[in-house]
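**Student:** Once you've had a glance at the structure underneath, I'll fire off some questions.
Every number in this text was worked out from the coordinates using simple rules, so none of it is lab data. A quick note: this is a predicted structure, and the numbers were derived from the prediction, not measured. Cβ: placed from backbone, ideal geometry, glycine included. Neighbour counts: every protein chain shown.
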Amino acid sequence: MKRNIHWNEKTVGIVSLGCPKNASDTERMISDLSGRGYSVVPDLGEAEILLVNTCSFVTDARQESIDTILELSRYKEEGKAKFLVGAGCLVSRYRDQMGTLIPEMDLALTTFEEGRLGEILDEVGGVAPTTKPLLTFPLAESRLTPPHRSYVKVSEGCDHPCTFCSIPLARGGQVSRPQEDILAEIRHLSSRGVKEVTLIAQDLTRYGHDLGFSEGLSVLLDRIDREGGVPWVRLLYAYPTLVTETLLKTIRESKNILPYLDIPLQHVDEGILGAMKRPGSVDFMKRLVDRIRDAVPGIVLRTTFIVGFPGEGEKEFESLLRFVEWARFDHVGVFAFSREEGTPSFDLPGQVPHRIRMRRRKDLMALSAKIALEKNRSLEGRILPVLIEGLSEQSDLVLSGRIKGMAPDGIDGEVLVLSGQGRPGDIVDCRIVKAHAYDLEAWEIGVPEPGE
């Protein structure tokens, strides 16, 4: 690693790739750098330091990360850049190989070292280093999300042995943030006018297990509900066997924890789940869905499935289709199996041809869209609170918003507010007037309908 570089302006150019967890990491690095006198500039050609926060979830994401690093390296020849940093999942997964694979990169920073970026850059520039405790984050003043909403990471890494997943290779085992650290961040966000916080982790339901709490998530949610001050708090990524009665009771009785739960089931066939090293069966999944809906009436359920996993035949896929038809989830994401280097599923027998994987994905998505349209039509005529995001990307003549049952960033669609005056961050009552498979049309109550 280069050392004793003189920073003239301490300017940083950043490209953040991948999922909301990566975006949250990037925000914290920006906050740490800002507190040390560095400033983020939008023009990469004007930056002395370049940072790429990489993703390695699937092959395409890895290639995009590599291409981005190589693209930014040219600024060391053509711009002001003196130092190129790679961080995130790709770097963590291939740390020992990065110097050989991409010699243009001056520093490879794993996900557990990202909190030291400012310290390392100070050291490179000749400033005496300081230390910070692991997973205790500075309050992020800079956000990659709009001012009215934010992601809050509650833990890093994952302890589950899923054979298809490369995330433990990149991020390691689970480490939970202290409750007080999370609460301080949420209170800070509330003071800045944030209306929605989405809690993220690779497995939210294991939050606090490494700290000695068997019901750590429920305890945390109860405190967030009482002390956080944010009107909408959303949960992403729960593990099927860890959805406890205590957690469901907490959701049901809270004021601000939204009745929304994302539980990636991945499959329902017992043999396929066994090959994935995940628990469950069709009967288990049905009991789980019934139990959740009984405990929290009206809860919105989102899930994801993997089709074309090694060993999946037509019988196993048909079982999955029948289950989805029975369960009638509000939102479904479908992934075609991707062979990921270094994961146990890479060499499993019974690999499914690409064309069959893609056909099954298309079939399951079509079924899910049909169910989503039917469920959305049941909302027509109802008056629901809508969080306004701003102008819709579909048309600058209408506003875009989301009801409580829609996660941000296009995950679950949007509400097109055809007639409204709400500003970004406002929560306004709207009447749903038309349903589509993923989106809804509405008008704000108290505002004349279009054409009146």
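**Student:** Over the Cα atoms of region 383-444, compute the convex hull volume and normalise it per residue, giving Å³.
**Tutor:** 72 Å³
**Student:** Okay, moving on. Roughly how far apart, in whole Å, are the Cα centres of region 173-230 and region 357-424?
**Tutor:** 27 Å
**Student:** Here is a further query. Where does each of Asp347, Asp181 land when they are ranked from fewest to most other beta-carbon atoms within 10 angstrom?
**Tutor:** Asp347, Asp181
**Student:** Report, in degrees rounded to the nearest 10, the 0 to 90 angle that the Cα long axis of helix 354-377 makes with the longest principal axis of the chain.
**Tutor:** Helix 354-377 sits roughly 60 degrees off the main axis of the chain.
**Student:** Where does region 149-377 land on the Kirkwood hydrodynamic radius, alpha-carbon pairs, in angstrom?
**Tutor:** Result for region 149-377 stands at 18.6 Å.
**Student:** Beyond 17 Å, what share of the Cα-Cα pairs of region 298-377 is found? Please give it as a whole percent.
**Tutor:** 47 percent
**Student:** Could you tell me the distance between the Cα centroids of region 244-258 and region 30-102, to the nearest Å?
**Tutor:** Measuring centre to centre over Cα atoms gives 40 Å.
**Student:** Taking every DSSP beta bridge with both residues inside the chain, roughly what % is antiparallel (nearest 5)?
**Tutor:** 30 percent
**Student:** Normalized C-alpha radius of gyration of region 235-292, against 2.2 N^0.38 Å?
**Tutor:** My calculation over the Cα atoms of region 235-292 gives 1.22.
**Student:** Between Val386 and residues 5 or more places away or on another chain, which pairs have amide H atoms under 5 Å apart, with H built 1.01 Å from N, and which residues are they?
**Tutor:** Amide H neighbours of Val386: Val428, Asp429, Cys430.
**Student:** Related question: Rounded to a whole number, what is D in µm²/s for region 243-328 from Stokes-Einstein with the Kirkwood radius over alpha-carbon pairs (20 °C, 1.002 mPa s)?
**Tutor:** 155 µm²/s
**Student:** Also: Given charges of +1 on the Cβ of Lys and Arg and -1 on the Cβ of Asp and Glu, with all other atoms neutral, how large is the dipole of region 11-124 about its Cα centre, in debye to the nearest 20?
**Tutor:** The calculated dipole for region 11-124 is roughly 200 debye.
**Student:** From the alpha carbon gyration tensor of the chain, can you work out the equivalent ellipsoid semi-axes (sqrt of 5 times each eigenvalue) and give them in Å, largest to smallest?
**Tutor:** The equivalent ellipsoid of the chain has semi-axes of 36, 29, 22 Å.
**Student:** Between the helical axis of 314-327 and the dominant principal axis of the chain, each derived from Cα atoms, what acute angle in degrees is found, rounded to the nearest 10?
**Tutor:** 70 degrees
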